[in-house]
Amino acid sequence: MNIYIDESGSVNNHLLHKDDFVIAIVMIEKQRTAKSFYKRFVSKNLDKLRLLDEDKFDEKGVLIRPGGKMFKEGKFKELKGSQFDYAMRTQFATYFSKCAGLKVSYIHVINSKLSDPLASNSAVVFNYVLRLNLEGLIRNGIVPNEALLLQIDERNTKTKSRFFLEEYLQTEFTPRNIVRGRVTVQYFDSADNFGVQIADVFSNLYYSHLMTHNYVDTFDMLKREGIIHNIFQFPL
């Protein structure tokens, strides 16, 4: 099964105003269908996306959000949820709620509840909570017990920890027969991977909800449509 992963926020238990770290796990059973949905979403909203990707200033003229994340030299590059506004996030959620074979699982790490030794190593936190949640998804039948291909944005991962995650998951899952096939982890520039871009927007959607609490109706809809299958909170 193809699984796409991206994150929002950061692991830091000393920034009380940023207490949340979110990982979105997007499971796609029908690759062609999901890619077609992605392409249509971009083409239908190209002008709106271009406007959202412009530099954003406050009322005093101070730059508060730089643009140029989704477009390069006028050409579309990739979707970035951090450039979306409320309307575009809700439109994205409504649109992809109709995508057959697409499921989303969230991991919500509460930074203030992490110990200092744990919070000091974000790679350990990422790998550990990902393993816990994936195991739960497999045991509950949400992810099939078969070979898994995890695709992750390379910009969110330290180089030295990239090769560790695959070995770690294989060691945890194979001896206990959690996964009958091989677990493979690959890292991509998100601009080259439509599934990672979808995961980026879903992670930002939930992160924005935690920050503002403005997306209750959106998440209720995603749950009704069977898109969101669980929200795993850590520490338990």
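The values are calculated or read from the model by the stated rules, or taken from the named source; none is laboratory data. Not measured: the values here are computed from a predicted model. When we count neighbours, we look across all protein chains shown, and the Cβ atoms used for this are built from the backbone with ideal geometry, even at glycine.
Please tell me if Leu79 is of a type in the set (A, V, I, L, M), within 23 Å of Ser208 (Cα to Cα) and in a loop (DSSP other than H, G, I, E, B).
Details: of a type in the set (A, V, I, L, M): yes; within 23 Å of Ser208 (Cα to Cα): yes; in a loop (DSSP other than H, G, I, E, B): yes.
For Leu79, the condition - of a type in the set (A, V, I, L, M), within 23 Å of Ser208 (Cα to Cα) and in a loop (DSSP other than H, G, I, E, B) - is met.
Does at least one position in the range 20-31 carry a residue that is in a helix (DSSP H, G or I) and modelled with pLDDT of 95 or more?
We begin by selecting, within the range 20-31, every residue in a helix (DSSP H, G or I); these are 31.
Then keep just the ones that are modelled with pLDDT of 95 or more; that gives 31.
Looking through the range 20-31, at least one residue is in a helix (DSSP H, G or I) and modelled with pLDDT of 95 or more.
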- [ ] Output yes when any residue across the range 20-43 is exposed (fewer than 14 other Cβ atoms within 10 Å of the Cβ) and over 25 Å from Phe188 (Cα atoms), and no when none is.
- [x] no
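What number of residues within the range 26-74 satisfy the criterion of being among the basic types (Lys, Arg) and in contact with a strand residue (DSSP E or B) (Cβ under 7 Å, 6 or more places away or on another chain)? Break it down into steps so the answer makes sense when it comes.
Applying the first criterion (among the basic types (Lys, Arg)) to the range 26-74 yields 30, 32, 35, 39-40, 44, 48, 50, 56, 60, 65, 69, 72.
Adding the requirement that they be in contact with a strand residue (DSSP E or B) (Cβ under 7 Å, 6 or more places away or on another chain) leaves 50, 56, 65.
Number satisfying all stated conditions: 3.
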Open item on the list: Can you find, within the range 45-95, the residue that is nearest to Gly9 (Cα to Cα) among those that are touching a residue at least 60 places away in the same chain (Cβ under 8 Å), touching a Lys or Arg at 6+ places or on another chain (Cβ under 9 Å) and among the basic types (Lys, Arg)?
Closed with: Lys80
Open item on the list: Can you pull out every residue in the range 124-149 that is buried (at least 16 other Cβ atoms within 10 Å of the Cβ), part of a helix (DSSP H, G or I) and of a type in the set (A, V, I, L, M, F, W, C)?
Closed with: Val124, Val125, Phe126, Val129, Leu130, Leu134, Leu137, Ile138
Open item on the list: Exactly one of these conditions fails for Asn145: (1) farther than 30 Å from Lys48 by Cβ; (2) in contact (Cβ under 8 Å) with a residue 40 or more places away in the chain; (3) of a type outside the set (A, V, I, L, M). Give me its number.
Closed with: (2)
